[in-house]
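In what follows, a structure is listed as structure tokens, so that the remarks can point back to it.
What follows is calculated from the coordinates using simple rules that are stated; it is not laboratory data. Nothing here was measured: the structure is a model prediction, and the numbers come from that model. All Cβ positions, even for glycine, are placed from backbone atoms using ideal geometry, and neighbour counts span all protein chains on display.
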């Protein structure tokens with residue numbers, strides 16, 4: 001490579017190294033805090049529910065959908081950067097959730113007590129926490145949730161947080177509806193939302 005007379009590349013190299021160092025510090029790779037993931041499935045009345053957990057709690061629940069397992073693995077890989085072989089079948093947290101799902105879908109349980117390990121923004125976690133407080137068989141509108149959080153005209157933002165809820169059913173985003181009483185959106189599908197709301201209405205006498 002041609003260089004002019006007296007060229008000293010050391011300042012350039014030092015500058016490039018500095019930029020690289022700043023870039024690495026500013027945009028670090030997500031630490032692999034989850035060393036081992038467990039994966040299970042549960043055959044619900046709606047179809048197969050896929051579950052993933054780490055040793056601290058449930059990290060993802062996917063309601064029945066087309067390409068169920070494949071889509072589930074893609075979502076986990078995108079979030080955690082782990083190859084498909086990193087997921088171990090079963091796991092104690094998943095087994096506990098399966099028992100709770102059995103109780104929920106048999107009309108014997110209203111609330112989930114399984115621990116969850118959520119990743120999201122501070123706002124998303126506030127929304128999910130408030131949604132978790134909606135009683136079994138009851139609904140709140142997106143606008144009401146926003147008002148509860150002191151966020152005027154924040155209904156759309158609440159809807160967006162609900163849309164990416166990583167553990168639907170456990171965090172019952174199906175209980176959030178539009179202000180006019182229509183169902184609004186639901187990522188797993190409106191048919192499932194309608195089924196769940198009807199199911200809970202019919203099972204108000206379930207134990208908590």
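Structure notes:
- Extension reserve of the residue 163-residue 187 stretch, reckoned as 0.36 nm per residue once the Cα distance is removed: 8.1 nm
- All-pairs Cα distance distribution in the range 37-105, expressed in whole percent, bin size 10 Å: 21, 56, 21, 1
- Mean Cβ neighbour count within 10 Å, used as a protection proxy, ranking 156-168, 124-136 highest first: 156-168, 124-136
- As a proxy for reagent exposure, ranking 78, 174 by other Cβ atoms within 10 Å from fewest up yields 78, 174.
- Length gained when the stretch residue 56-residue 70 is fully extended (0.36 nm per residue, less Cα-Cα span): 2.6 nm
- Estimated from the Cβ-Cβ distance and a Förster radius of 30 angstrom, the FRET efficiency linking residue 41 and residue 202 is about 0.70.
- Once both labels are positioned 7 Å from their Cα atoms along Cα-to-Cβ, the gap between residue 156 and residue 133 label points is 2.6 nm.
- Projected area, mean over directions - the range 28-150, Cα convex hull, nm²: 8.9
- Over the range 122-202: Rg over Rh, Cα atoms, Kirkwood Rh: 0.92
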